[in-house]
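Reviewing the structure listed below.
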């Protein structure tokens, strides 16, 4: 028996940190969106414990195995379809896909919420993320209204079939170095709390883009090259808006037609669709 699980990537536009001694309540609120590429996890039979990934290391996988206390023979293969450390939530996609896959393969009897809690714990333990896991249980544009793991935190999803997303990555940002820095935590939380409340009152694509851009300026995390590309995108009439992925050295922009982005001939520009389906699972 083979299990395949796809978990979409998640880009956060703005957020505020809500720390709690309970790791399942520790997390963030804010808003982001899912893209139709992410992490594909395959679980299959093996005589030993085998792990294969196309990029990165086994840190997230080992953490999930540790939490689940699994030392049985199994082959774990992950195809990470997005840049690592660039604000796409790949560590959360990896952890969540693995938790779901191992649960099905070994008949552990967990529901999606429990699998999400396992993945969220792995993220918190590693300092690799705060709110990506719960967002990845949603669809389209996702508003996180209450911090925490699935089943504890709360989200609202806004599906839009027409949106096209373009991104360009200029490098990595170490998530842990930012979310664990007291100065950055205060700046992020102050700015993110205000913007989240404003977005709750009037959730729209325009406000998401405007508030994300406002957040990126207030937190002062943009490099010069990121800032220049965002300004360029925001100057174009056919592009709905642009900002910086939180947390990653990546620019994102929205439009209604991918030809808008293709015509710009920007080197290294990747084009995705908004993911309005969410987690996909197959047993074969």
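A few notes on this one:
- All conditions in (1) in contact (Cβ under 8 Å) with a residue 40 or more places away in the chain; (2) surrounded by fewer than 24 Cβ atoms within 10 Å (Cβ to Cβ); (3) within 16 Å of residue 3 (Cβ to Cβ) hold for residue 75, with the sole exception of (1).
- Selection count, the stretch 249-268, where residues are over 17 Å from residue 235 (Cα atoms) and either part of a strand (DSSP E or B) or in contact with a helix residue (DSSP H, G or I) (Cβ under 8 Å, 6 or more places away or on another chain) (or both): 2
- Scan the stretch 58-71 for residues that are part of a loop (DSSP other than H, G, I, E, B) and modelled with pLDDT of 95 or more and the total you get is 3.
- Matching entry among 118, 155, 124, 141 (being assigned to a helix (DSSP H, G or I) and either at pLDDT below 95 or closer than 22 Å to residue 245 by Cβ (or both)): 124
- Scanning the stretch 196-215 for residues that are within 20 Å of the chain's Cα centre (by Cα), over 20 Å from residue 160 (Cβ atoms) and free of Cβ contacts under 8 Å to residues at least 40 places away in the same chain yields nothing.
- Considering only residues in the stretch 1-34 that are part of a loop (DSSP other than H, G, I, E, B) and modelled with pLDDT of 95 or more, the one that is surrounded by the most Cβ atoms within 10 Å (Cβ to Cβ) turns out to be 26.
- Some residue of the stretch 276-283 being part of a loop (DSSP other than H, G, I, E, B) and over 30 Å from residue 113 (Cα atoms): no
- With respect to the conditions (1) part of a helix (DSSP H, G or I); (2) more than 16 Å from the chain's Cα centre (by Cα), residue 75 lacks only one, and its number is (1).
- Scanning the stretch 40-57 for residues that are touching a residue at least 60 places away in the same chain (Cβ under 8 Å) and not in a strand (DSSP E or B) yields no hits at all.
- Number of the condition not met by residue 236 [criteria: (1) within 18 Å of residue 184 (Cβ to Cβ); (2) free of Cβ contacts under 8 Å to residues at least 60 places away in the same chain]: (1)
- Annotation: residue 37 fulfils all but one of (1) outside any helix (DSSP H, G or I); (2) touching a residue at least 24 places away in the same chain (Cβ under 8 Å); (3) more than 22 Å from residue 212 (Cα to Cα); the unmet one is (3).
- Residue that is surrounded by the fewest Cβ atoms within 10 Å (Cβ to Cβ), among those in the stretch 35-57 that are within 30 Å of residue 195 (Cα to Cα) and out of contact with any helix residue (DSSP H, G or I) (no Cβ under 7 Å at 6 or more places or on another chain): 36
- Looking only at the stretch 85-124, and only at residues there that are surrounded by fewer than 19 Cβ atoms within 10 Å (Cβ to Cβ) and out of contact with any strand residue (DSSP E or B) (no Cβ under 9 Å at 6 or more places or on another chain), the one that is farthest from residue 13 (Cα to Cα): 107
The values are calculated or read from the model by the stated rules, or taken from the named source; none is laboratory data. No experiment lies behind these values; they were computed from the predicted model shown. Here the Cβ is made from the backbone with ideal geometry for all residues, glycine too, and neighbour counts use every protein chain on show.
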